[in-house]
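Derivation of every value follows stated rules applied to the coordinates shown; laboratory data play no part. Because the structure is predicted, anything quoted here is derived from the model rather than measured. Cβ: placed from backbone, ideal geometry, glycine included. Neighbour counts: every protein chain shown.
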Amino acid sequence: MLSHPLFGGGLPPLAEHHLREAGLNYHLSEAAEDHLRQANRHAPDHFAVLIGFYRFYFYKGRLDEALDIGRICLAKAAREKNIAADWRDVRPEDAGFADLDDVLARFYMFCLKGYAYLNMRLGDLGEGRVAVAKLLELDPTDRVNAKLLSDVLERAERGDE
């Protein structure tokens, strides 16, 4: 399982080096982002690089860019799982969403949760709501804690948020 690309499996050494340097230089935004670009040159479309970009943009408060990377991650996970490209068309039986060992299905759900959250933060509550509803459909036991986002939406509608 640790050899899975989500855990850095198959990452070329130079890409790994640049990801490490991006983390070490996080406080120097330009340098960190340059290292992420270098990592991407050595391992384009690798999950570890995409996750690096996502975290960088998210924690720097660059939410539009984080959302763009989140969409890329969601699409990549869908391709790798061989499920519908549009998350609205994905059904619970399309993948092992309830299987804790299906790391790619769980990653897909976490990408969808991030997509919902970022849309909410950026003011698109309608898109966030639809994505949360899809998460709860795919994960009725709510292992990814989508209900929390649903609760935030309810409070926002009441004017509590």
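I need to check one value: relative contact order of the chain, counting alpha carbon pairs closer than 8 Å and at least 6 residues apart, in percent.
15 percent.
Which lysines have a Cα lying under 22 Å from the Cα of Lys147, excluding residues fewer than 8 positions away in the same chain?
Straight-line reach from Lys147, under 22 Å: Lys113, Lys134.
Can you give me the angle between helix 29-42 and the longest principal axis of the chain, using Cα atoms only, in degrees from 0 to 90, rounded to the nearest 10?
80
So for the chain, taking the charge dipole from beta-carbon charges (+1 Lys/Arg, -1 Asp/Glu), which of Thr141, His35, Ile51 sits furthest toward the positive end?
His35
In degrees between 0 and 90, to the nearest 10, how far off the longest principal axis of the chain does helix 146-158 point, with axes built from Cα atoms?
Orientation of helix 146-158: about 60 degrees from the principal axis.
Taking the Cα centre of region 70-161 as the origin, how large is its charge dipole in debye, to the nearest 20, when only Lys and Arg (+1) and Asp and Glu (-1) carry charge on their Cβ atoms?
260
Take His17, His27 and order them by how many other Cβ atoms sit within 10 Å, fewest up front.
Starting with the residue having the fewest Cβ neighbours, the order is His27, His17.
What angle do you read, to the nearest 10 degrees and between 0 and 90, between the alpha-carbon axis of helix 47-59 and the longest principal axis of the chain?
Long axis of 47-59 versus the principal axis of the chain: about 70 degrees.
Sort Glu157, Glu33, Glu65 so the one with the fewest other Cβ atoms within 10 Å of its own Cβ comes first.
So the residues, fewest neighbours to most, are Glu157, Glu65, Glu33.
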